[in-house]
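The structure under discussion appears below in the form of structure tokens.
Bear in mind these aren't lab numbers, they're just calculated from the coordinates by the rules spelled out. Predicted model only: the values in this text are computed from it and were never measured. No Cβ is skipped: glycine too gets one built from the backbone with ideal geometry, and neighbour counts run over all protein chains shown.
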Amino acid sequence: DAGVIQSPRHEVTEMGQEVTLRCKPISGHDYLFWYRQTMMRGLELLIYFNNNVPIDDSGMPEDRFSAKMPNASFSTLKIQPSEPRDSAVYFCASSQDRGLGGNTIYFGEGSWLTVV
Amino acid sequence: DQQVKQNSPSLSVQEGRISILNCDYTNSMFDYFLWYKKYPAEGPTFLISISSIKDKNEDGRFTVFLNKSAKHLSLHIVPSQPGDSAVYFCAASGLGTYKYIFGTGTRLKVLA
């Protein structure tokens with residue numbers, strides 16, 4: 001089975017440009033998460049969706065960040081305009097609600113963003 | 001406000017010995033805990049989990065211990081192998097939520 005697929009793997013962009021990161025979750029998973037990894041803060045949850053609906057976006061740093069999930073197999077995280085402090089690894093993850101209390105989340109390989 | 005804390009940024013252990021990675025949390029509503037392992041340039045991969053109704057869960061060389069009163073969990077790796085060298089993250093969530101909060105990670109180096 002294919003895992004969580006993210007693109008691009010690496011992105012270098014200039015400050016002020018729009019950045020779009022893409023994610024395809026594992027088929028059948030109904031939860032999708034966007035995380036950001038930095039040295040100082042580790043893995044931060046930015047936003048998560050359930051059945052394509054955003055549930056908690058309290059981790060989104062500011063209005064420059066937005067995320068959408070138009071269907072069960074695709075999500076985007078957009079940064080507009082980008083700033084050097086946005087440089088980080090962005091991970092998408094997905095999970096299936098098994099109703100058992102506690103679920104494993106599966107991560108993609110990450111999108112390495114550098115804003116110069 | 002770090003709700004999940006891994007206070008040791010790094011740890012070095014000799015091959016064959018026990019590795020103990022620690023994690024503390026502050027939110028008493030957390031009741032499900034996971035450990036993930038991350039190699040460079042890869043995404044984190046699930047290692048082992050524990051529910052708050054247990055105080056221990058074992059899977060091969062990996063055992064997770066949970067001390068609810070101390071709000072502390074630990075991951076034991078016995079025996080440690082060079083391939084275990086990675087960054088280990090602990091994560092926590094509350095029942096009925098899927099908001100997994102991760103610690104900052106501990107880099108484990110197993111010396112051959």
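Based on Cα contacts under 8 Å between residues 6+ apart, chain A shows a relative contact order of 37 percent.
Taking loop as defined by DSSP and a crowding limit of 16 other beta carbons within 10 Å, which trypsin sites (Lys or Arg not before Pro) in segment A:1-104 fit? Sparse-neighbourhood loop trypsin sites (Lys or Arg not before Pro): A:R9, A:R41, A:R64, A:R98. Non-local lysine pairs in the protein assembly as shown, meaning eight or more places apart or on different chains, with alpha-carbon distances under 21 Å, amount to 27. Each DSSP beta bridge with both residues in the protein assembly as shown is either parallel or antiparallel, and the antiparallel ones are about 90%. Need one number: the % of Cα-Cα pairs in the protein assembly as shown sitting beyond the 22 Å mark. When every Cα pair of the protein assembly as shown is considered, 52 percent fall beyond 22 Å. Inter-chain Cβ neighbour count for A:30-37, averaged per residue, equals 2 (cutoff 10 Å, partner chain atoms only).
Charging the Cβ of each Asp and Glu at -1 and of each Lys and Arg at +1, and nothing else, the dipole of segment B:26-112 about its Cα centre rounds to 180 debye.
If you stretched the chain out fully between B:E42 and B:S12, how much longer would it get, using 0.36 nm times the residue separation minus the C-alpha to C-alpha distance? Display every interim value, and only then the final one.
Numbers: separation 30, 0.36 × 30 = 10.80 nm, distance 2.12 nm.
Contour length minus Cα-Cα distance gives 8.7 nm.
Projecting label points 7 angstrom from Cα along Cα→Cβ for A:R85 and B:S51 puts them 4.2 nm apart. The mean number of partner chain beta-carbon atoms within 10 angstrom of a residue's beta-carbon across peptide B:42-48 is 5.
Take every pair of alpha-carbon atoms less than 8 Å apart whose residues are at least six positions apart; their mean separation over the length of segment B:7-85 yields a relative contact order of 36 percent.
Out of all DSSP beta bridges with both ends in chain B, state the antiparallel percent to the nearest 5. Can you show the working numbers first?
Values: 37 of 42 bridges.
Looking only at bridges with both residues in chain B, the antiparallel portion is about 90 percent.
I need the Debye-formula profile for chain B: one equal scatterer per C-alpha, no solvent, reported as log10 I(q)/I(0) at q = 0.11, 0.13, 0.19 1/Å, two decimals. Per q value, in the given order, log10 I(q)/I(0) is -0.31, -0.44, -0.94. Across all directions, the shadow cast by the convex hull of chain A built on its C-alpha atoms averages 7.0 square nanometres.
For segment A:40-116, GluC sites (Glu not before Pro) are listed when DSSP marks them as loop and at most 11 other Cβ atoms sit within 10 Å of their Cβ; the list is A:E62.
Give me the number: length gained by fully extending A:D30 to A:H10, i.e. 0.36 nm times residue separation minus the C-alpha to C-alpha distance, one decimal in nm. Write down the numbers at each step before the final one.
Values: separation 20, 0.36 × 20 = 7.20 nm, distance 2.64 nm.
Fully extending the segment from A:D30 to A:H10 adds 4.6 nm.
When only C-alpha pairs under 8 Å and at least 6 residues apart count, what is the relative contact order of segment A:50-116, in percent? It would help to have the intermediate numbers written out before the result.
Numbers: 77 pairs, mean separation 17.3, N = 67.
Computed over segment A:50-116, the figure is 26 percent.
At what distance in nm do the modelled label points of A:I55 and B:S28 sit from each other, each positioned 7 Å from its Cα along Cα→Cβ? So the label points at A:I55 and B:S28 sit 2.5 nm apart.
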